[in-house]
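Visitor: Please read through the structure below; I'll follow up with questions.
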Amino acid sequence: MLDEKHIEQQLKQELVELKARARRIEAHRHGEEEAPKDWEELATHRENDEVIDALDDITRDRMSAIEHALARIAEGSWRYCRVCGEAIEEERLRAIPTLDTCIACASKLEQA
Ligand SMILES: [Zn+2]
């Protein structure tokens, strides 16, 4: 059985970290702070502004995915596919708690 409360805690914790990172990115844009740490890893591959934009996009996408998952946990629909309403495979949810479709619907959506 998946421990929904435990996963909710993990997602909330990650959201706190992401929000902190989003603030650092914002501060960096305004020249108030050094670049976030992960910036240095990406910086070897891209130009500075591109790196910050890319990191900002990744951070915001991840934040909205987690907020979506937390909302689904709160309303009790987290375990169920948003397309067909069937239960999502537990091992997939365990690996990626932000999933909101079962494997059948996910592959249909990919093809569409
Ligand atoms: Zn489905």
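The values are calculated or read from the model by the stated rules, or taken from the named source; none is laboratory data. This structure is a prediction, so every number in the text was calculated from the model and none was measured. We place every Cβ from the backbone using ideal geometry, glycine too, and count neighbours over all the protein chains shown. Surface areas here come from the heavy atoms of the whole protein model, side chains and all, with no ligands, DNA or RNA. Shrake-Rupley method; radii C 1.70, N 1.55, O 1.52, S 1.80 Å.
Visitor: Looking only at the range 72-82, decide whether some residue is surrounded by 14 or more Cβ atoms within 10 Å (Cβ to Cβ) and small (G, A, S). Give the derivation first.
Guide: Taking the range 72-82 as the starting set, the residues that turn out to be surrounded by 14 or more Cβ atoms within 10 Å (Cβ to Cβ) are 72-73, 78-82.
Still in the running and small (G, A, S): none.
Within the range 72-82, none of the residues are surrounded by 14 or more Cβ atoms within 10 Å (Cβ to Cβ) and small (G, A, S).
Visitor: Quick check on the range 83-98: of everything there that is in contact (Cβ under 8 Å) with a residue 24 or more places away in the chain and assigned to a loop (DSSP other than H, G, I, E, B), which residue is most open to solvent (accessible area, probe 1.4 Å)?
Guide: V83
Visitor: Also, I was wondering about something else. Within the range 88-108, which residues are of a type in the set (A, V, I, L, M) and near the ligand (Cβ under 9 Å from one of its atoms)? Can you show your working first?
Guide: We begin by selecting, within the range 88-108, every residue of a type in the set (A, V, I, L, M); these are 88, 93, 95-96, 99, 103-104, 106.
Within the range 88-108, I88, I103, A104, A106 meet the criteria.
Visitor: Can you pull out every residue in the range 72-82 that is more than 14 Å from the ligand (Cβ to nearest atom) and over 13 Å from I7 (Cα atoms)?
Guide: Of everything in the range 72-82, those that are more than 14 Å from the ligand (Cβ to nearest atom) and over 13 Å from I7 (Cα atoms) turn out to be E75, G76.
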